[in-house]
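For reference, the structure discussed in these notes is given below.
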Amino acid sequence: MNLPKGSIKNWGDLEKFFLTRFFEDDAEIIMPTLLATRQQKGELVKAFVERFYNMTLRCPSGITQATLVKTCRHNLQTSLQAQIGVAKSHT
């Protein structure tokens, strides 16, 4: 009920959301995976930040919280980075 309208278009989408919601993966995340985690097209900022945060909890990196925040902000979609002033707009 909390998903955006139209976010489930096929059985694969339903499966992905179901497994994400009820069967959280406890596998360890390696640093390159965390650094490469980007906001997906159509993903709400809040959802991305929560997903990124949950991944940081499974990444034994020793990286500082400030660096994690910068990385998360950097991995937002480029248009959002421009809106919050962390990237130049390319229009």
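The values are calculated or read from the model by the stated rules, or taken from the named source; none is laboratory data. Here the structure is a predicted model, which is why all the values come from computation and not from measurement. Don't worry about glycine lacking a Cβ; one is built from the backbone with ideal geometry, like all the others, and counts go over all protein chains shown.
For the stretch 58-89, a tally of residues being at pLDDT 65 or above, surrounded by 10 or more Cβ atoms within 10 Å (Cβ to Cβ) and in a helix (DSSP H, G or I) returns 10. Pairs linking a residue in the stretch 1-24 that is modelled with pLDDT of 80 or more to a residue that is among the polar types (S, T, N, Q), with Cβ atoms under 9 Å and 6 or more positions apart or on different chains, are Asp13/Ser7.
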